[in-house]
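Report on the structure given below.
The values are calculated or read from the model by the stated rules, or taken from the named source; none is laboratory data. Computed from a predicted model, the values in this text were never measured in an experiment. As a convention, Cβ positions derive from the backbone with ideal geometry for all residues, glycine included, and neighbour counts pool all protein chains shown.
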Amino acid sequence: MRIIKQEHYFPIIVFIHFIFWGIDITLYQGDYVFGVQNIIGEVFSSWVMTVFAINFLMATKARWVERIFGGLDKMYMIHRRAGTLAVILLILHFITVPKSEEFTIGKPLGFFSLLLILIGVVLSVAPVFKRKLKYNRWIKIHKLMGIFYIMGIAHFLNVPTLTSELPIVKNYVLLMSIIGVSAWFYKSFLFGLFNKKLKYSLSSVKNFANDVVELTFSPKEKSLDFEAGQFAFLSIPGFGNGESHPFTISNDSSENDLRFTIKSLGDYTANIQSALAIGTEAKIQGPYGLFDFKKATHKEQIWLAGGIGITPFLSFLRVVPRDYKITLIWSVGSVKEANYKDEIESLTAEKDNVDFVVWNSDDKGHFSIGKKYNVMDVVNKSFYVCGPETMRESYIKQLREKGVLMKEIHYEEFSFR
C-alpha cells in the first residue's frame with residue numbers, strides 16, 4: 001500500500017517547514033536583522049533544497065524509496081512534477097530574498113545555479129524539447145543537475161543568511177543537502193556496481209499488425225525474479241545508444257524467460273520492432289512496480305485495460321487464485337487489435353472465476369463504466385486500471401462518481417520518463 005500519495009507529498013513538505021521555521025523564529029534571540037520578506041525568501045530556498053534532495057533520492061530507484069511512494073511509476077511522476085515546482089520556488093526565492101551590496105562568491109554561484117537548473121528542468125519537462133531531444137542526450141543533461149545542486153549548496157554556505165542563525169532549519173537544510181548530494185553521487189557513479197544488469201538473449205520475435213511486437217528473452221546466466229504485474233528496464237548494447245526503457249513483463253512469473261509486448265510510441269519503440277534479430281543480447285534490470293492485485297481490499301475485482309495496457313493483466317491471469325472473482329474488460333479499437341484475445345480466452349476457459357470481455361469501440365463506442373455497471377454493481381469491489389492516461393483518468397472519474405473510494409482504485413502510470 002502506498003505510504004505517501006502524490007497529493008500528500010507537497011503538503012507534507014510544507015507542514016514540516018512550517019513547524020521547523022515556526023519553532024526557530026519563535027525561539028530566536030540573536031541579533032540578525034530580518035523581516036517577513038527575508039523569512040519568505042529563505043523558506044522558498046529551504047523548500048528547494050528539500051525537493052531536489054528527495055528527487056535525487058527517487059532517482060536511485062531504491063526499493064525502500066519505491067515502496068514509500070507506491071511504485072517506481074508513481075515515484076517518477078512525482079519526481080517530474082517536483083522538479084518543475086522546485087524551479088518555480090527557486091525563482092520566487094531569487095525574486096523575494098533581500099539583496100545586499102556586499103559581494104561574496106556565493107552570489108554568482110547562486111545566479112548560475114538558478115540559470116543552469118532552470119535550463120535543465122525546462123529541457124526535461126517542456127513538451128517541445130522532450131519531442132526533439134534524443135533520450136541519450138536528455139539523460140546526460142539530466143545527470144548534470146547534481147552539479148548545479150552542489151553550486152546551490154555552495155551559494156547557501158557563502159552568503160549571510162537567516163537560515164544559518166536558526167539551528168533546526170540550518171541542520172535540516174544541511175541534512176537534506178547531504179542526502180541530495182549522496183543520492184546523486186550514488187546514482188551517477190555507484191549505481192551500476194550495486195545494481196547489476198542480467199544478461200539475456202532474444203529468443204522469439206512476434207510482430208502484430210497494429211504496430212505491436214512481442215519480444216521474448218531467455219536468460220544467459222541468472223534469471224530475473226519477478227512478481228506478476230511488475231516491469232523491468234530493457235537495454236540492448238549497440239541499439240539506441242544502450243539506453244534503458246521500462247516495459248511490463250507479460251508472462252508467468254514462474255518462467256525463466258521474459259516476455260515484453262511493445263507498442264510503437266516513439267523513436268526507440270518504433271525502431272526496436274525491426275532492428276532486432278534472434279540471438280540479440282540484452283541487459284535486464286529490475287524488477288520494479290507495486291501493481292499487485294493481491295494487495296487489494298476485495299477479492300472481487302474488475303480489471304480495466306486499454307490497448308497495450310493489457311500486459312500486466314496477462315501476467316495476473318496466470319496466477320489469480322480460485323477464491324478471487326475477476327472481470328477483465330479490454331478496450332480496443334477493433335477486434336484485430338486484440339492481439340492476445342485467443343491467449344486470454346484459453347486462460348480464462350480454465351478459470352470459472354474469471355470473466356473476459358473484449359470491448360470493440362469501433363462497434364460499441366468507447367467503453368464507459370455506466371455502460372456495464374450501476375452504483376450497486378461497484379460496491380465491495382476493487383478496480384485495477386492500466387492504459388493511456390486519458391482513458392485511465394476517465395475511468396477513475398467515472399468510478400468516483402459512482403461512489404468508489406480512491407483506495408479501491410489501483411492504477412499504473414502508462415508511460416513515464
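Table for the structure above
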quantity: Hits in the stretch 39-67 (condition: of a type in the set (A, V, I, L, M) and within 12 Å of G289 (Cα to Cα)); calculated: A62, V65
quantity: Selection from the stretch 219-251 of residues that are surrounded by 15 or more Cβ atoms within 10 Å (Cβ to Cβ), in a loop (DSSP other than H, G, I, E, B) and either modelled with pLDDT under 90 or of a type outside the set (G, A, S) (or both); calculated: L224, F226, E227, Q230, I236, F239, E243, S244, N251
quantity: Scope the stretch 105-132; condition over 22 Å from L85 (Cα atoms) and either at pLDDT below 75 or surrounded by 14 or more Cβ atoms within 10 Å (Cβ to Cβ) (or both); matching residues; calculated: G106, K107, K132
quantity: Verdict on D73 being at pLDDT below 90 and buried (at least 20 other Cβ atoms within 10 Å of the Cβ); calculated: yes
quantity: Selected residue (only one of L90, L27 is surrounded by 21 or more Cβ atoms within 10 Å (Cβ to Cβ) and not polar (S, T, N, Q)); calculated: L90
quantity: Near pairs, Cβ below 6 angstrom, 6+ apart or cross-chain, from the stretch 225-239 (under 23 Å from E413 (Cβ atoms) and in contact (Cβ under 8 Å) with a residue 40 or more places away in the chain) to any residue that is part of a loop (DSSP other than H, G, I, E, B) and among the aliphatic types (A, V, I, L, M); calculated: A228/V319
quantity: Number of the exception - I262 against (1) within 25 Å of N55 (Cβ to Cβ); (2) modelled with pLDDT under 90; (3) assigned to a strand (DSSP E or B); calculated: (1)
quantity: Number of the condition not met by F56 [criteria: (1) touching a Phe, Trp or Tyr at 6+ places or on another chain (Cβ under 7 Å); (2) more than 24 Å from N171 (Cβ to Cβ); (3) of a type outside the set (G, A, S); (4) surrounded by 22 or more Cβ atoms within 10 Å (Cβ to Cβ)]; calculated: (2)
quantity: Among the residues listed as K336, K283, the single one being surrounded by fewer than 22 Cβ atoms within 10 Å (Cβ to Cβ), touching a strand residue (DSSP E or B) at 6+ places or on another chain (Cβ under 6 Å) and either farther than 24 Å from K220 by Cα or not hydroxyl-bearing (S, T, Y) (or both); calculated: K283
quantity: Candidate set from the stretch 347-390 (those that are in contact (Cβ under 8 Å) with a residue 40 or more places away in the chain and within 23 Å of Q230 (Cβ to Cβ)); member that is surrounded by the fewest Cβ atoms within 10 Å (Cβ to Cβ); calculated: P388
quantity: Restricting the stretch 166-196 to residues that are of a type in the set (D, E, K, R) and crowded, with 17+ Cβ neighbours inside 10 Å, the residue that is nearest to H93 (Cα to Cα); calculated: K170
